[in-house]
Amino acid sequence: MTAPGALNSVVGSLYVVATPIGNLDDISARALKVLREVSLIAAEDTRHSLRLLQHFGIATPLGACHEHNERDEGNRFIQRLLAGEDVALISDAGTPLISDPGYHLVRQARAAGVRVVPVPGACALIAALSAAGLPSDRFIFEGFLPAKAVGRRSRLELLKEESRTLIFYEAPHRILECLQDMESVFGADRPALLARELTKTFETLKGLPLAELRAFVEADSNQQRGECVVLVAGWTAPETDQVVSNEAMRILNLLLKEMPLKRAAALAAEITGERKNVLYQVALEKQKAESQ
Ligand code: SAM
């Protein structure tokens with residue numbers, strides 16, 4: 001950080017500061033120090049952030065940095081950074097840039113040679129994953145699914161055979177439709193978890209197979225309120241004694257979209273040299289799993 005009286009020829013730093021996602025005690029000591037000491041805080045919603053800052057007795061000036069002005073106004077922040085001032089970037093909750101504004105400002109800052117410093121802290125997807133009990137060694141974050149049913153379903157279709165744990169953000173008024181679509185695309189038995197109101201009074205983490213989770217949310221309108229993260233276990237290949245190569249599986253899947261199962265297995269065997277009856281069995285199990 002620029003020491004008082006430092007020369008303006010020293011370029012300032014842009015601090016990307018995580019703020020709480022509910023429980024204010026989750027703010028870090030380092031975040032508070034940075035927010036207190038920078039010259040300016042770029043905030044998604046200045047009125048919202050003012051309340052947070054007031055709670056911690058921080059009087060640093062705020063400037064708006066939201067999705068509508070970020071590209072154009074980013075330059076204003078860059079000028080101040082280049083003039084030697086330190087700036088902090090915060091969003092309404094959690095880590096900036098994670099389904100939140102900040103990407104353009106960070107890009108612009110880096111392009112201008114400004115040091116960008118992460119000040120890590122709360123992030124809903126990581127909090128949910130850390131307590132979900134689903135495989136966490138590999139996962140993908142999908143952010144928000146498309147709001148309209150057609151777009152949402154086609155996105156889910158693309159993820160159907162993704163083997164890593166899937167993480168989604170969802171708005172409460174769409175949670176039920178979202179779970180219904182997940183159930184029909186990923187199958188009723190796929191393990192999933194709904195993490196609601198993390199770090200808040202009504203925090204709920206409910207882990208169930210998709211059909212049961214959908215029914216649980218359907219039966220209780222309270223579950224359709226508040227902020228939520230949905231986690232879905234990755235796809236696991238249908239169990240078979242025989243091992244089929246990834247390439248044979250890819251070809252088989254392509255052919256299954258175009259022709260009957262028996263023909264697809266025969267053709268895939270011809271192309272890949274794998275045994276026809278093994279491919280037939282794999283295709284059969286896959287079809288069975290999908291129709292459940
Ligand atoms: N930047 C934030 C982060 O680091 O997680 C995410 C911001 S995004 C605009 C807001 C979404 O994050 C919500 O719709 C919800 O899906 C998720 N989220 C934020 N706070 C949450 C909480 N306390 N519990 C569950 N989900 C939360």
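The values are calculated or read from the model by the stated rules, or taken from the named source; none is laboratory data. Quick caveat: nothing in here was measured; it's all calculated off a predicted structure. Because the Cβ atoms are built from the backbone with ideal geometry, glycine has one as well, and the counts that use them run over all protein chains shown. Remember, those area values only see protein heavy atoms, side chains included, never the ligands or the DNA or RNA. Shrake-Rupley method; radii C 1.70, N 1.55, O 1.52, S 1.80 Å.
The C-alpha atoms of the chain define a longest principal axis, and helix 46-55 lies at about 70 degrees to it. Relative contact order for the range 85-231: what is it in percent, counting Cα pairs under 8 Å that are at least 6 residues apart? For the range 85-231, the relative contact order is 21 percent. Remark on residue 115: its backbone amide H falls under 5 Å from those of 14, a criterion applied only to residues 5 or more positions apart or on other chains, H modelled at 1.01 Å from N. Each principal axis of the Cα atoms in the chain has its own extent, and those three values, largest first, are 78, 44, 31 angstrom.
In whole percent, how big is the carbon plus sulfur part of the accessible area of the chain, probe 1.4 Å, protein atoms only?
With neighbouring chains kept in place, the figure for the chain is 51 percent.
Remark: for residue pairs 160/286; 148/288; 262/288; 160/257; 257/288, the C-alpha separation exceeds 19 Å in 148/288.
Centroid-to-centroid, using Cα positions, the range 54-93 and the range 248-292 are 55 Å apart. The 3J(HN,Hα) values that the Karplus relation (6.51, -1.76, 1.60; θ = phi - 60°) gives for the range 249-265 are, in residue order, 5, 5, 5, 4, 4, 5, 5, 4, 6, 10, 8, x, 3, 5, 5, 4, 5 Hz. Gly and Pro appear as x. Note on the range 125-232: the alpha carbon radius of gyration divided by the globular reference 2.2 N^0.38 Å gives 0.96. Looking at the calculated P(r) for the range 176-292, what percent of the C-alpha pair distances fall above 16 Å? Value for the range 176-292: 64 percent of Cα pairs lie more than 16 Å apart. Counting only protein heavy atoms and a 1.4 Å probe, the range 1-127 has 50 square angstrom of accessible area per residue. For the range 1-134, the relative contact order comes to 40 percent (Cα pairs under 8 Å, sequence separation of at least 6).
Each Lys or Arg adds one and each Asp or Glu takes one away; over the other residues whose Cβ falls under 14 Å from the Cβ of residue 119, this sums to +1. Can I get the semi-axes of the range 138-179's equivalent ellipsoid? Compute them from the C-alpha gyration tensor as square roots of 5 times the eigenvalues, in angstrom, largest first. That gives 18, 12, 8 Å for the three semi-axes.
Summarising the amide proton neighbourhood of residue 42: residues at separation of 5 or more, or on other chains, whose placed amide H is nearer than 5 Å comprise 63, 88, 89, 90.
Per-residue Karplus couplings for the range 183-197, computed as 6.51 cos²θ - 1.76 cosθ + 1.60 with θ equal to phi - 60°, are listed in order as 4, 6, 8, 8, x, 5, 8, 4, x, 8, 8, 9, 10, 10, 6 Hz, Gly and Pro entered as x. Using a Gaussian network model on the chain with a 10 Å cutoff between Cα atoms, which of 255, 89, 129 fluctuates the most? Answer for the Gaussian network model of the chain: 255. In order along the range 205-213, the Karplus-derived 3J(HN,Hα) couplings, from 6.51 cos²θ - 1.76 cosθ + 1.60 at θ = phi - 60°, round to 10, 10, x, 8, x, 3, 5, 6, 5 Hz, and Gly and Pro are given as x.
For the range 176-292, the solvent-accessible area with a 1.4 angstrom probe is 55 square angstrom per residue. Per the Debye calculation on the range 13-122 with a single equal scatterer at every Cα and no solvent contribution, log₁₀ I(q)/I(0) for q = 0.13, 0.20 Å⁻¹ amounts to -0.39, -0.98.
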